[in-house]
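Notes for the one structure printed next.
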Amino acid sequence: MKINWGHKILIVYLLFVGGIVFLAIISLQQKFDLVQKDYYGAELKYQEVIDASVRAHRQIGGIQLWVKEGTLAIQLPDAFKGEKVIGVANLYFAADENKDLSQKVAFSNAQVSLPLKQNMKGNYTLKLEVVKDGISYYYEQKFFL
């Protein structure tokens, strides 16, 4: 059977439309996680995070991390020793929201240990916000478990 050029154009057009519909259906079924639930509200407050980060690195210095026996140990700079320091530690895993961990921490002698879950393996980002004498400091450091 011979197909004329009009039918060939129609077949190509229908294959193209079918492909676009197929890709649209597949894209609607993809799972994606936002970094934060209230992304836009957090973006408006981000200048405070920038200021706390600059304050932490210019005035005090960086933090040290190490993993041992299923815990993550965080050591703050010497300027925090002997002070009452509280904060929030967020372990952010970019690929899966279920592997994120957020915990309030109270530092003892500028050090704290966080227990880790068994399935926590991969590239993490520690987002640590600490408060000393009413002044907030922000640290962000990538590490691998």
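Here are the numbers:
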{"read-out": "Helix 46-55 axis, angle to the chain major axis (alpha carbon atoms, nearest 10°)", "value": "40"}
{"read-out": "Antiparallel bridges, percent of DSSP beta bridges restricted to the chain (to nearest 5)", "value": "100"}
{"read-out": "Residue-by-residue Karplus 3J(HN,Hα) for the range 7-14, coefficients 6.51, -1.76, 1.60, Hz, glycine and proline x", "value": "5, 5, 5, 4, 5, 4, 4, 5"}
{"read-out": "Computed helical MRE - 222 nm, the chain, DSSP H runs ≥ 4 contributing -39500 (n - 2.57), nearest 500", "value": "-9000 deg cm²/dmol"}
{"read-out": "Theoretical gain in end-to-end length, Tyr40 to Ala106 [0.36 nm per residue, Cα-Cα removed]", "value": "20.9 nm"}
{"read-out": "Equivalent ellipsoid, the chain (semi-axes from 5 times Cα gyration tensor eigenvalues, Å)", "value": "51, 18, 11"}
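Computed from the coordinates by the stated procedures, all read-outs in this text should not be read as laboratory data. In this text the structure is predicted, and so the values were computed from the model without any measurement.
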